Amino acid sequence: MSDVIIYYMENASYVFEQFIRHFLISIYGVLFASIVAIPLGFAVARKRKLSRLTISIANVMQTIPSLAMLAILMFLIGTGPNTVVFAVFLYAILPILKNTVGGISSVTPDLVDAAKGMGMTKYQIMIKVELPLAISIIMGGIRNALVLAIGVTAVGTFIGAGGLGDIITRGITVANGSPIIIGGAIPTALMAVLADFVLGAIENKLKPRTFTKI
């Protein structure tokens, strides 16, 4: 463990730089996936056959191993961080889409009918009724997607994306590189744990409050 501490002391700026790079690649991929998957989830949630088809397509992308996905994308769009962002985007679509569809489907039709009866438009129903009731479930999907993205980004080092995976691979290629490997693995795991904790806290805050009669 002392060797790991020494490695951090000697390479603090490099580790921090790769930590930020790793986080940004992950967060950008999840952000772009959210921009696509959440509206798509709203669009297909009430159409059972279409939602099943859409989720099935996203499932197919999820079954492709991350290294194979990166290899395919490398041949199509080249190497570098942008390719890894696109890979993260593809992997993050499924959990966000699935939770969005599940969240919207959990809103009882009676509430939607009542909103229609009050003269609300489809857009108003989506923003004022469906989204507030489904937001915590959607956040759960984003939470799962970000943790998944952090793992996928670590593999991105093989196509020149950098990140904490770069530190791990350096440790693999040198003699007695265990401290370097651990030095890359610890912040990667810490990032995943912190992301899960923070988004989990946000998810709990966004859960609709239920009131019981006294």
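Below is a table of values for the structure above.
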quantity: Residue that is surrounded by the fewest Cβ atoms within 10 Å (Cβ to Cβ), among those in the range 164-205 that are charged (D, E, K, R) and farther than 30 Å from Leu133 by Cβ; calculated: Arg170
quantity: Matching residues, the range 54-68, being surrounded by 11 or more Cβ atoms within 10 Å (Cβ to Cβ), over 17 Å from Val36 (Cβ atoms) and without any contact (Cβ under 8 Å) to a residue 12 or more places away in the chain; calculated: Ile64
quantity: In the range 194-210, residue modelled with the highest pLDDT [restricted to those that are among the charged types (D, E, K, R) and either within 18 Å of the chain's Cα centre (by Cα) or under 14 Å from Ala145 (Cα atoms) (or both)]; calculated: Asp196
quantity: Yes/no for Asn99 being among the polar types (S, T, N, Q), in contact (Cβ under 8 Å) with a residue 40 or more places away in the chain and surrounded by fewer than 22 Cβ atoms within 10 Å (Cβ to Cβ); calculated: no
quantity: Which numbered condition Gln124 fails, given (1) within 30 Å of Leu70 (Cβ to Cβ); (2) without any contact (Cβ under 8 Å) to a residue 60 or more places away in the chain; calculated: (1)
quantity: Condition met for Ala161 (assigned to a loop (DSSP other than H, G, I, E, B) and either buried (at least 17 other Cβ atoms within 10 Å of the Cβ) or of a type in the set (Asp, Glu) (or both)); calculated: yes
quantity: The lone exception for Ile5 - which of (1) more than 16 Å from Ile150 (Cβ to Cβ); (2) in a helix (DSSP H, G or I); (3) in contact (Cβ under 8 Å) with a residue 24 or more places away in the chain; (4) β-branched (Val, Ile, Thr) it fails; calculated: (3)
quantity: Leu148 being over 15 Å from the mean Cα position of the chain (by Cα) and of a type outside the set (D, E, K, R); calculated: no
quantity: Which listed residue is in contact with a Phe, Trp or Tyr (Cβ under 8 Å, 6 or more places away or on another chain) and either closer than 18 Å to Val147 by Cα or basic (Lys, Arg) (or both), from Leu94, Leu67; calculated: Leu67
quantity: Filtered residues of the range 128-138 (kept if more than 15 Å from Leu40 (Cα to Cα) and out of contact with any Pro (no Cβ under 9 Å at 6 or more places or on another chain)); calculated: Lys128, Val129, Ile137
quantity: Count - residues of the range 15-43 that are touching a Phe, Trp or Tyr at 6+ places or on another chain (Cβ under 7 Å) and surrounded by fewer than 22 Cβ atoms within 10 Å (Cβ to Cβ); calculated: 2
quantity: Residues of the range 112-149 that turn out to be surrounded by 13 or more Cβ atoms within 10 Å (Cβ to Cβ) and either touching a helix residue (DSSP H, G or I) at 6+ places or on another chain (Cβ under 7 Å) or farther than 30 Å from Ala201 by Cβ (or both), as a count; calculated: 25
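Okay, residues lined up against (1) in contact (Cβ under 8 Å) with a residue 60 or more places away in the chain; (2) under 26 Å from Ile167 (Cα atoms); (3) not hydroxyl-bearing (Ser, Thr, Tyr):
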residue: Ala12; (1), (2), (3): no, yes, yes
residue: Pro39; (1), (2), (3): no, no, yes
residue: Lys47; (1), (2), (3): no, no, yes
residue: Arg52; (1), (2), (3): no, no, yes
residue: Leu70; (1), (2), (3): yes, yes, yes
residue: Gly78; (1), (2), (3): no, yes, yes
residue: Thr83; (1), (2), (3): yes, yes, no
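The values are calculated or read from the model by the stated rules, or taken from the named source; none is laboratory data. Computed from a prediction, not measured in an experiment: that's the story for all the values here. As a convention, Cβ positions derive from the backbone with ideal geometry for all residues, glycine included, and neighbour counts pool all protein chains shown.
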